[in-house]
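Chemist: Here you go, one structure.
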Amino acid sequence: MTGPEAPGPPAPLQRGAEGVRYDGMGEPPRCAMTVDVEDYFHVEAFARVVRREDWDRYPLRVEESTRRLLDLLDRHAVKATFFVLGWIARKAPRLVAEIRRRGHELGCHSFWHRLVYTLSPEELRSDLREATRTIEDAGQVKLRGHRAPSFSVTEKSLWALEVLAEEGYEYDSSVFPIRHDVYGIPAFPRFPVRLEVGGGARSIVEFPASTVRLLGANLPGPGGGYLRILPLRYSLWALRRIVETEERPAAVYVHPWELDPGQPRLRGPLASRLRHYTGLSRAEGRLERLLSAFPFAPMGEVLLTAHIEAHPPSGRSPAAGTEASAPSRPGTGS
Ligand SMILES: [Zn+2]
């Protein structure tokens, strides 16, 4: 995937040869189940104590924990989207092939798990190309979707959406519309939107991480640490509110290491350890509860039937602070 095949306006996302557009009305909204395939030593919480050049020295546990997750999804007959770290695809290509063989969608989670807003557009592009090539080789499929490490597409790095569109990605799921110390664009639309990039030459769909609106603020929906640390009834309430009350699609995210309570304990700041280790032993049970309570599907498939708005809506300027319709053009020669 090194760029668009033909110039001209971007085609709508299509399913195979049938060309089913994803703005079909009338179908009930569904939840996207997404998995960020990385291991316990890749996470941002420990990025200061684990150097990338040392990754090879940590015992790899992601194959076993991902298979556990695959078995869990099988038990519920749910297919998901697996955003794979390129480094994992290089290290464990058979795992990537197995995810695909078992009927799931493959996506990209970068190669080196670096925060997008710490990279230049050129650095992002080269990381993305290496990851895309490695994952596509291992999975023998063209990737359509991307999730940045730690939801690091923020106001500072909205330009990344243009790079992603140029590299052939059809959708991204890297914006978290909340306030947080590492990520977040609180004013960003809460549901899938189509954004024009490069002055309208291309477009890409952003499927933001799910939030619930309460007392004028966005609260995080279920996923990652929020699913493990907050009460289960909160996660169930949040999903019900999005899917049943608001009748919009939701997205849930998990990591294989969250189903691996036996992982080696890393030293690090107390806050990082709390964020990473709290609730590991209950994550699997909680995921089971969500899987049996809601209709889940891969993100690419949820988008095929979701109603997608343009952002900004025609004739209106973008929401204050997002400027999402026209990310500044990165200085990227081609
Ligand atoms: Zn990650």
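Each reported figure results from applying straightforward, stated rules to the coordinates on display, with no laboratory input. Just so it is clear, the model here is predicted, and its values are computed rather than measured. A quick note on method: Cβ atoms are made from the backbone with ideal geometry, for glycine too, and the neighbour counts reach across all protein chains shown.
Chemist: Near Lys79, which lysines are there with a Cα under 25 Å away, not counting those fewer than 8 places off in the same chain?
Modeler: Within the straight-line limit of under 25 Å, Lys79 reaches these lysines: Lys91, Lys142.
Chemist: Treat the count of other C-beta atoms within 10 Å as a stand-in for reagent exposure and order Ser120, Ser65 from fewest to most.
Modeler: Ser120, Ser65
Chemist: Treating only the Cβ atoms of Lys and Arg (+1) and Asp and Glu (-1) as charged, compute the dipole magnitude of segment 215-296 about its Cα centre; round to the nearest 20 debye.
Modeler: So the dipole magnitude of segment 215-296 works out to roughly 380 debye.
Chemist: In a shell of Cβ-Cβ distance under 10 Å around Gly221, excluding Gly221 itself, what net charge do Lys and Arg (+1) and Asp and Glu (-1) give?
Modeler: Taking every other residue near Gly221 into account, the sum is +2.
Chemist: What whole-number distance in Å separates the alpha-carbon centres of segment 176-199 and segment 78-114?
Modeler: 24 Å
Chemist: So, one more: P(r) for segment 32-311: what percent of alpha-carbon pairs falls in each 5 Å bin, starting at zero?
Modeler: 1, 6, 13, 18, 21, 19, 14, 7, 2, 0
Chemist: Given 0.36 nm per residue, what is the gain on full extension from Leu274 to Arg68 after removing their alpha carbon distance, in nm?
Modeler: Length gained between Leu274 and Arg68: 71.8 nm.
Chemist: First check a/c for segment 22-169, with a ≥ b ≥ c the square roots of the eigenvalues of its C-alpha gyration tensor; if it is under 1.5, answer rounded, and if not, answer prolate when a/b is larger than b/c or oblate otherwise.
Modeler: Note, shape of segment 22-169 comes out oblate.
Chemist: What is the distance in Å between the Cα centroid of segment 225-239 and that of segment 129-167?
Modeler: 28 Å
Chemist: What net charge do the residues around Ser235 carry, taking every other residue with its C-beta under 15 Å from that of Ser235, with Lys and Arg at +1 and Asp and Glu at -1?
Modeler: Neighbour charge sum, excluding Ser235 itself: +3.
Chemist: Take the Cα coordinates of segment 222-293, assign each an equal point scatterer, and use the Debye formula without solvent to give log10 I(q)/I(0) at q = 0.21, 0.25 Å⁻¹.
Modeler: -0.88, -1.13
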